[in-house]
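Peer 1: Below is a structure I'd like to ask you about.
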Amino acid sequence: MYAFHRGSAEAVYAIDTPPPSVSGNLHLGNVYSYSHTDFIARYRRMRGENVFYPMGFDDNGLPSERLVERELGITPADVGRKEFIEACLQTTRTFAERYRAVWERLGLSIDWKYTYHTIDADARRAAQAAFLALMRDDSAYRREAPVIWCPLCRTAIAQAEVDDLDRETEFVTLSFRTLAGRELPVATTRPELLPACVAVFVHPGDERYAAFVGQSVTVPLTGESVAVYTDQKAQPDKGTGAVMCCTFGDPTDIEWWYERNLPLKPILTPEGRLGSSAGNLSGLEVADARRRAIEGAQDTGLLLATRPAEQTVRVHERCGTAVEYLVTRQWFIRVLDRKEELLAAGDAIRWVPAAMQSRYRDWIENLRWDWLISRQRTYGVPFPIWYCSCGQILTPDESELPIDPTITPPRPCRCGSTEWMPETDVMDTWATSSLTPQIAGRQLEDPPLYRDVFPMALRPQAHEIIRTWAFYTIVQSLYGSGMAPWKTIMISGWGLAPEGEGKISKSKGGGPMSPMAMLDQWSADAIRYWAASTGPGKDTVISEDKIAAGSKLATKLWNVGMFGRRFLQDYRPPHACPRLSAADAWILTSLEALIERCTTAMDEYDYATAKNDIEIFFWHDLADNYLEMAKGRLYDLNDPLAGAARYTLYNLLLTVLKLFAPFLPFVTDAVYREVFQDSSWPTSIHGTRWPRPVPDWRNPQAEAAGRALLDIAAAVRRYKSDRGMSLGAPVPRLLVEVQSSIVPTLSESAADIRSVTRAQDVRLVPTAEPGTVVSIPED
């Protein structure tokens, strides 16, 4: 039922489904965002499109390594590379099976035939082939340079993997002195980097320090002499206004180092300790070295002051560790010199909501680094590279991919040397998942399929990975094919923990409520209802009240269906619309308008508005009012308009089921099978077509009569409620003052008025005034 049909004449609607990173247990935030994709997939399928809806599992790289370390308590150093990789493969497959169980229970209409894993052979082949192509056109390069480094994960990371963290720290003011003994106060939050100090900078307009510019000053603790320079990036109002440049404390240090061709004094080790060149700070962790440096400055009389300060530090998004900046040799993909192309590619894509494109644009405009794709880890896609002793980089033939250079030797180098070294780094996980259109579409394995589905119609994803997954996928597609990878990108928000804890994370345990437990408690339809209550790009708190409302709605829909079954079994409506009562005409007019509104909303990816409109119509118009109006005619087969009531109920119920089907797939299908399905119909509602507006139902005059009927029903309900009467209690007489123009129409609906009000006698009084006045004589 959910299969993609190869060779079909139907228009293809391909979805670049997010492959969840296999890094921990799924949580309700995942359920929230993945439900949104399914709403669209089911809608497009019902519109007659050939939906390509695969599912992947992002099970390579650092997130999966960290999962294994947490789950099994082992590291590559403990068990060796081969055994650790095998543990990663087994653990991630176990978690992927759990993910699939959740997705199936949730009712995602995935075509599981097109499942992929980013660590499997096809994905490794795609990533390695893309990398070799980037090498050939000089878009990928290797160089030794300062990079962002995570001391905990012990790997280089990309700019996009860094978050900001606000924390309390202290400014330490130190005495730098000229040869003549004049004091230059320099404030820093990182006194432990004094052994790496290579210059001091002040703002060119800061008159306090004008006399120091061009002179040399002595660095506290080390006694080294460094020059004083001016630069606009030095902030007079930050600290003392004089700042030391170290190699390296932050990106500004790196810029100054490049611009001034300053010396390189690396003192930090990959493990986050100070190295042998740090003097008496050698071997210490950063925090301990900071305390030791302050003590040393105080002991030598060079500590001028300390004061508390607010600081924003850069941390690795995966583990929350403050990053450092080390000089290492890494692989990069060029993006800085192609910003305009990447911005244009973003303009070629429809963004939902449109405002989310600004995040993409802002990210590109503020990029300061090329994309660093190498990682000093164990589990991931290997670089298909060997380094010959002659300096040549050796690469395999594409037919040999995927390949592990640490296992398979290269073909002989042209120089004749047999001495070579394999590349032991692995690719960043984003280097693979940025190729999901190519991997899911089987570009290398099945080119005809790839031509059918690429570029894809939709990329659904969360807003926090616009800077990573969206950006990197556009990079890979633009460089590889010259075009954007999708026509539309739909951004979902976060499902937030109700306790105010913010975003839930798989790697941090998945939050307080497991998806399976909630599905057991409430049902998939109820949870999907909650997920459909907030539109694209918006965060929402996980609300059991809304989930309970979804459960109530599903129950009511079933009950209405079972009520209708007794009147609709074996019933097939006439092709032509029969003569209708005012209630029939009103609600079919309203239904026709609902179809138009919901179709427009779903075409615009506004599933929340569509769901809300359907729900209001179902509760207010259909369940609370129309059914009460039509019950008398439904039960009284001798009523001349009994057939009209059945015709109307049939179309109402079937249409509402179809409209609700993308959101509540289980209860709608169950009611459909009970009431409508037979051998001539599709076996499931999800094989039927989305409703189309019916011109015969459009009746603007019926709207006025419908409003009058609703006013009558509401007035009588208020009357009974005010007097403590049950809604089913009879009313002897009912006087209704109503505009003369609709009296004839309402006269034909006297049975419907009696049915909804339980009035024994209804008298319509024509009036020239607009509106409806209802009175119930007490005698």
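The values are calculated or read from the model by the stated rules, or taken from the named source; none is laboratory data. Quantities reported herein were computed from a predicted structural model and do not represent experimental measurements. Note that each Cβ is placed from the backbone with ideal geometry, even for glycine, and that neighbours are counted across all protein chains shown. Accessible surface areas use protein heavy atoms only, side chains included; no ligands, DNA or RNA. Shrake-Rupley method; radii C 1.70, N 1.55, O 1.52, S 1.80 Å.
Peer 1: So which GluC sites (Glu not before Pro) in the stretch 229-271 pass both tests, a DSSP loop state and at most 10 other Cβ atoms within 10 Å of the Cβ? Display every interim value, and only then the final one.
Peer 2: Details: sites: GLU255, GLU259, GLU271; in loops: GLU271.
Answer in residue order: GLU271.
Peer 1: From the list (1) 361; (2) 319; (3) 216, can you say which value of volume of the Cα convex hull per residue in Å³ was derived from the structure given?
Peer 2: Computed from the coordinates, volume of the Cα convex hull per residue in Å³ corresponds to (3).
Peer 1: A follow-up question, please. Would you work out which of PHE131, PRO195, ILE110 lies farthest towards the positive end of the dipole of the chain, given +1 charges on the beta-carbon of Lys and Arg and -1 on that of Asp and Glu, about the Cα centre?
Peer 2: ILE110
Peer 1: Hey, another quick one. About the Cα centre, and with charges only on the beta carbon of Lys, Arg (+1) and Asp, Glu (-1), how big is the dipole of the stretch 272-374? Nearest 20 debye, please. Numbers along the way, then the final one.
Peer 2: On the way: 15 positive and 14 negative charges, 27 e Å.
Computed about the Cα centre, the dipole is about 120 debye.
Peer 1: OK, next. As a test question: what accessible area, to the nearest 10 Å², does SER523 have when a 1.4 Å probe is rolled over all protein chains in place?
Peer 2: Only protein atoms counted, so the area is about 40 Å².
Peer 1: Given an 8 Å cut-off on Cα distances and at least 6 residues of separation, report the relative contact order of the chain as a percent.
Peer 2: Computed over the chain, the figure is 14 percent.
Peer 1: Follow-up question, since we're still on this one. Report the calculated FRET efficiency for ASP404 and GLU365 (r = Cβ-Cβ distance, R0 = 41 Å), to the nearest 0.05.
Peer 2: Working: r = 39 Å, r/R0 = 0.94.
After rounding to 0.05, the efficiency reads 0.60.
Peer 1: Taking R0 as 35 Å, what FRET efficiency do you get between SER747 and ARG689 from their Cβ-Cβ distance, rounded to the nearest 0.05? Don't skip to the end; give the middle numbers.
Peer 2: On the way: r = 38 Å, r/R0 = 1.08.
For R0 = 35 Å, the calculated efficiency reads 0.40.
Peer 1: Just how large is the dipole of the stretch 455-611 about the Cα centre, in debye to the nearest 20, putting +1 at every Lys and Arg Cβ and -1 at every Asp and Glu Cβ? Walk me through the numbers before you get to the answer.
Peer 2: Values: 17 positive and 15 negative charges, 48 e Å.
So the dipole magnitude of the stretch 455-611 works out to roughly 220 debye.
Peer 1: If you average the C-alpha positions of the stretch 625-681 and of the stretch 95-113 separately, how far apart do those two centres end up, in angstrom?
Peer 2: Cα centroid of the stretch 625-681 versus Cα centroid of the stretch 95-113: 32 Å apart.
Peer 1: With label points built 7 Å along Cα→Cβ from the Cα atoms of ARG291 and GLU341, find their separation and express it in nm.
Peer 2: Using points 7 Å along Cα→Cβ, the separation is 5.2 nm.
Peer 1: Would you kindly find the accessible area of THR418, with a 1.4 Å probe and non-protein molecules such as ligands, DNA and RNA excluded, rounding to the nearest 10 Å²?
Peer 2: Taking all protein chains as shown, THR418 has close to 120 Å².
Peer 1: Below 8 Å between Cα atoms, with a sequence gap of 6+, how large is the relative contact order for the stretch 507-611 in percent? Provide the component values of the computation, followed by the final result.
Peer 2: Details: 47 pairs, mean separation 32.3, N = 105.
Rounded, it is 31 percent for the stretch 507-611.
Peer 1: Roughly how big is the stretch 341-433's charge dipole about its Cα centre, with Cβ charges of +1 (Lys, Arg) and -1 (Asp, Glu), in debye to the nearest 20? Write down the numbers at each step before the final one.
Peer 2: On the way: 8 positive and 13 negative charges, 43 e Å.
That gives the stretch 341-433 a dipole magnitude of about 200 debye.
Peer 1: For the stretch 314-398, what relative contact order do you get, as a whole percent, if you take Cα pairs closer than 8 Å and at least 6 residues apart?
Peer 2: Details: 52 pairs, mean separation 23.7, N = 85.
Dividing the mean separation by the residue count of the stretch 314-398 yields 28 percent.
Peer 1: Fully extended, how many nm does the chain gain between LEU152 and GLU419 (0.36 nm per residue separation, minus their Cα-Cα distance)?
Peer 2: Details: separation 267, 0.36 × 267 = 96.12 nm, distance 3.35 nm.
Length gained between LEU152 and GLU419: 92.8 nm.
Peer 1: If you take every DSSP beta bridge whose two residues both sit in the chain, what share of them, in percent to the nearest 5, is antiparallel? Walk me through the numbers before you get to the answer.
Peer 2: Working: 60 of 90 bridges.
Percentage antiparallel, nearest 5: 65.
Peer 1: OK, next. Give me the percent of accessible area attributable to carbon and sulfur for the stretch 1-123, probe 1.4 angstrom.
Peer 2: Values: 2010 of 4200 Å².
Here carbon and sulfur together make up 48 percent of the probe-accessible area.
Peer 1: Here is a follow-up. Roughly what % of DSSP beta bridges within the stretch 341-487 run antiparallel, to the nearest 5?
Peer 2: Values: 8 of 9 bridges.
Roughly 90 percent of the beta bridges in the stretch 341-487 run antiparallel, per DSSP.
Peer 1: Could you state the accessible area per residue of the chain in Å², with a 1.4 Å probe and every protein chain left in place? Mind dumping the intermediate values first?
Peer 2: Details: 32340 Å² over 779 residues.
I get 42 Å² per residue for the chain.
Peer 1: Considering only C-alpha atoms, what is the centroid distance from the stretch 701-753 to the stretch 210-258, in Å?
Peer 2: 84
Peer 1: Taking loop as defined by DSSP and a crowding limit of 14 other beta carbons within 10 Å, which GluC sites (Glu not before Pro) in the stretch 365-458 fit? Please list the in-between numbers first.
Peer 2: Numbers: sites: GLU365, GLU398, GLU400, GLU419, GLU423, GLU445; in loops: GLU419, GLU423, GLU445.
Answer by residue number: GLU419, GLU445.
Peer 1: Working out 0.36 nm times the residue gap between LYS556 and THR169, then minus their Cα-Cα distance, what length gain in nm do you get to one decimal?
Peer 2: On the way: separation 387, 0.36 × 387 = 139.32 nm, distance 5.74 nm.
Separation in residues times 0.36 nm, less the Cα-Cα distance, equals 133.6 nm.
Peer 1: Calculate, in nm to one decimal, what THR767 and ARG70 gain on full extension: separation in residues at 0.36 nm each, minus their alpha carbon distance. Before the final figure, lay out the partial values.
Peer 2: Working: separation 697, 0.36 × 697 = 250.92 nm, distance 7.79 nm.
So the chain would gain 243.1 nm between THR767 and ARG70.
Peer 1: Now a separate question. Put THR432, THR252 in order of accessible area, largest first, 1.4 Å probe: what do you get?
Peer 2: Numbers: THR432 0, THR252 40 Å².
So, going from the largest accessible area down, we get THR252, THR432.
Peer 1: Which ³J(HN,Hα) values, rounded to whole Hz and listed in residue order, are derived for the stretch 568-579 from phi using the Karplus coefficients 6.51, -1.76 and 1.60 in 6.51 cos²θ - 1.76 cosθ + 1.60 with θ = phi - 60°, glycine and proline given as x?
Peer 2: Couplings: 10, 4, 6, 8, 10, x, x, 5, 8, 5, x, 5 Hz.
Peer 1: Here's another thing I want to ask about it. Provide the FRET efficiency to the nearest 0.05 for the ARG707-ASN612 pair, computing r from the beta carbons and using R0 = 30 Å. Spell out each step's value before the answer.
Peer 2: Working: r = 21 Å, r/R0 = 0.70.
With a Förster radius of 30 Å, E is 0.90.
Peer 1: Accessible area of the stretch 633-730 with a 1.4 Å probe: how many percent of it is carbon plus sulfur? Each step should come with its number before you reach the end.
Peer 2: Details: 2200 of 4400 Å².
That fraction is 50 percent.
Peer 1: Please give me, ordered by residue number, the trypsin sites (Lys or Arg not before Pro) of the stretch 642-745 that lie in loop per DSSP and have at most 11 other Cβ atoms within 10 Å. Show your work: numbers first, answer last.
Peer 2: Details: sites: ARG646, LYS658, ARG673, ARG689, ARG698, ARG707, ARG717, ARG718, LYS720, ARG723, ARG733; in loops: ARG689, ARG698, ARG723.
Qualifying residues, ordered by number: ARG689, ARG723.
Peer 1: Keeping the other protein chains in place, figure out the carbon and sulfur percent of the accessible area of the stretch 288-438, with a 1.4 Å probe. The partial results should precede the final answer.
Peer 2: Numbers: 3350 of 7010 Å².
Ligands and nucleic acids excluded, carbon and sulfur give 48 percent.
Peer 1: THR488 versus ASP446, label points 7 Å from Cα toward the beta carbon: distance in nm?
Peer 2: It is 2.4 nm.
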